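Data block below; observations after.
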Amino acid sequence: MAEPPEAASPGKRSCRYLIGGRWSSLRTHLIVVLTLVITLVYATVVFIEITDELHHANTELHHRTHVLTVVQAEALSVPLDSGDRREVLRQLHVLIVNPDIVEAEVLKPDGEIFATALSPDGEGTPANSVFHHHHHDDHEGLANNAPTTWKLIFGRVDDDLHALESEIKTRNGQIIGLLRVIITHKQLRLVQESMLWSHLKQFLIITVVIAATIGLFVTGLVQPLIRMTEAMDEVAAGNLRVPIPATDRRDEIGKMARALEVFKANAEQLKDALNKEREVNGLQRQFVSMVSHEFRTPLAIIDGHAQRMNRRLERLSPDQLREGLIKMRHSVLRLTELMESVLNAARLEEGRIAFAPQACSLIDMLAELCGSYADINMDRHFMLNVAELPESIVADPKLLRQVFSNLLSNACKYSSPGSQVWIEGRRDGENGVAISIRDEGVGIPPDELQKLFERFFRASTSTGIAGTGIGLHLVRHFVDLHGGHVEVSSTVGKGTAFTVHVPCSTPNQVSIPDAA
């Protein structure tokens, strides 16, 4: 089975990128395009240079041959006038010593050939069958008969024969004959081949140097982009810990790298937010399940005691009636606390918690709460010591009542029957009070104390004990609203102590911000 893309390791992705994507990479395209452009420009320059040199060589060849023909025609005027064929042949053989001349002949005015001399390489050349009788009076006429540049470069120029003619005149200017010289481009071809091989070697060497230079330059330019592409692949695959290269550069690549860094940071935040949202959703589902169970339990207790009392009302003793009523009252109080917690949690998330500070007595509030919980939890011993507290402070009595009610409820819930609960109050500095509620319950592990005030969190030692995990969350925010703070210390198996620090005077606020 093929390995899915998301399961491939970074090394395999890099290898697949280098092997499968090298021909489609930006670096390869840039190297090929720049090399082709520069090579074409250089080839054009070389072609123009070769063309100029060959054209100059061809022109020079015709010019030298023309001058030689004119001079030789003047030298042939005397022997031709006297009819000395041997002297004419001797001078023609001297003329064809020139390697560019393959044939030389002297014609009479009527066109009859008077004498012919062939070079060793040009014997038997049917010059008269190839060339017509042409008269060239100047250098431009000779140049017009020259082979084209394209043929000089790409053709076999030594196969082309060209006739140069010069009139033979007497001293009086009478035309007595015509000197015709058949020339070839053999030497020009040798020059051409030497020049082409020389330029070809130079062209290949310079092309390799250009390609290597461009490759190094483009690699240095594109390498950061390749690394950023690999980093983007890692980010897309979910690896948000991969470092982004080239963020310290000052050019456009640096701007792209810094933008990618911001994108990665946003992706990390989104990933964290998504994970947190998933966790919160799971906790909310757990919370709904626990609340529904918590509501059913006290309702079942109330209904059971009401039915029992209704059936056995005449046979129940006053003590039995009192015990049933206390249990019903305890269940009603539990339902009230649950409803208050749920409502306050919803208000807190929406930022709609009303905060109305006023003068209130902590001594009376704590005494009343201790009495209520003592009536319900007769198997607990409440030790109240609040004599050091001031007569009154400025605070929201409803919120503080729920703070201490939650703490007392937890102290009773997480401790065993017959244990003691201490409630102590004292002054805290010049303008503050501290109320400590300590129990002898199951305690909280040290590594869970930091999470204790998070919404829906419950300690591992609370397994099997009813609870929703929002009571302490509300306690912390209600105390923060007063400008105070909560301290907690605990030992597993020995108990837990919560200490609430609040100032004696509280800022006059109307509602808490969206603490959620």
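The values are calculated or read from the model by the stated rules, or taken from the named source; none is laboratory data. Quick caveat, the model's predicted, so the values are computed rather than measured. Glycine also receives a Cβ, built like all others from the backbone with ideal geometry; neighbour counts cover every protein chain displayed. Please note that ligands, DNA and RNA were not included when accessible areas were found on the heavy atoms of the full protein model with its side chains. Shrake-Rupley method; radii C 1.70, N 1.55, O 1.52, S 1.80 Å.
Please give the net charge around Gln420, taking every other residue with its beta carbon less than 14 angstrom from that of Gln420, where Lys and Arg add +1 and Asp and Glu add -1.
Working: positive: Arg380, Arg438, Lys494; negative: Asp379, Glu424, Asp439, Glu440.
With Lys, Arg at +1 and Asp, Glu at -1, the neighbours total -1.
DSSP loop (so not H, G, I, E, B), at most 13 other Cβ within 10 Å: list which GluC sites (Glu not before Pro) in the stretch 385-424 pass both filters. Each step should come with its number before you reach the end.
Numbers: sites: Glu388, Glu391, Glu424; in loops: Glu388, Glu391.
Those satisfying the criteria are Glu388, Glu391.
Once R0 is set to 45 Å, what does the formula 1/(1 + (r/R0)^6) return for the Cβ-Cβ distance between Lys201 and His93, expressed as a FRET efficiency to the nearest 0.05?
On the way: r = 40 Å, r/R0 = 0.90.
Given R0 = 45 Å and the Cβ-Cβ separation, E is 0.65.
How much net charge surrounds Met383 when only the other residues with a Cβ under 13 Å from the Cβ of Met383 are counted, with Lys and Arg +1 and Asp and Glu -1? Walk me through the numbers on the way to the answer.
Details: positive: Arg380, Arg438; negative: Glu424, Asp439, Glu440.
That sum, taken over residues with Cβ under 13 Å, equals -1.
Among 173-181, 484-492, 39-47, how do they line up by average Cβ neighbours within 10 Å per residue, starting with the highest?
Numbers: 173-181: 18.2, 484-492: 16.0, 39-47: 12.7.
The peptides rank, most packed first, as 173-181, 484-492, 39-47.
How many angstrom lie between the Cα centre of the stretch 79-117 and the Cα centre of the stretch 388-408?
The distance from the Cα centre of the stretch 79-117 to that of the stretch 388-408 comes to 140 Å.
Just to be sure I understand the model, the point goes 7 Å from the Cα along the line to the Cβ. What's the resulting Arg171 to Ala236 distance in nm?
Roughly 9.9 nm, to one decimal.
Averaged per residue, what accessible surface does the stretch 364-516 expose to a 1.4 Å probe, in Å²? Kindly include the intermediate steps, with their values, before the conclusion.
On the way: 6870 Å² over 153 residues.
It amounts to 45 Å² per residue over the stretch 364-516.
Starting from the Cα-Cα distance between Glu391 and Asp248, subtract it from 0.36 nm times their residue separation and give me the gain in nm to one decimal. Each step should come with its number before you reach the end.
Numbers: separation 143, 0.36 × 143 = 51.48 nm, distance 6.36 nm.
My answer for the length gained is 45.1 nm.
Using 0.36 nm times the number of residues separating Phe457 and Val262, minus their current alpha carbon distance, what extension gain do you get?
Details: separation 195, 0.36 × 195 = 70.20 nm, distance 3.28 nm.
Full extension from Phe457 to Val262 adds 66.9 nm.
Using amide H atoms built 1.01 Å from N in the peptide plane, name the residues 5+ places from Val421, or on other chains, whose amide H lies under 5 Å from its own.
Those lying under 5 Å, H to H, from Val421 are His381, Phe382, Met383.
Compute the length gained on full extension between Asp447 and Gln307: take 0.36 nm times their separation in residues and subtract their Cα-Cα distance, giving the result in nm to one decimal. Can you show the working numbers first?
On the way: separation 140, 0.36 × 140 = 50.40 nm, distance 4.60 nm.
My answer for the length gained is 45.8 nm.
Rounded to the nearest 0.05, what FRET efficiency is calculated for His485 and Asp379 with R0 set to 22 Å and r the Cβ-Cβ distance? Don't skip to the answer; put the middle values down first.
Working: r = 32 Å, r/R0 = 1.48.
For R0 = 22 Å, the calculated efficiency reads 0.10.
Around Ile444, what is the net charge, scoring Lys/Arg as +1 and Asp/Glu as -1 over all other residues with Cβ under 12 Å from its Cβ? Mind showing how you got there, number by number?
Details: positive: Lys451, Arg458, Lys494; negative: Asp439, Asp447, Glu448.
Within the 12 Å Cβ shell, the charges total 0.
Roughly what would the spin-label model give for Arg315 and Ala354, points 7 Å off Cα along C-beta, in nm?
4.9
Taking R0 as 25 Å, what FRET efficiency do you get between Val209 and Glu53 from their Cβ-Cβ distance, rounded to the nearest 0.05?
Working from the Cβ atoms, E equals 0.60.
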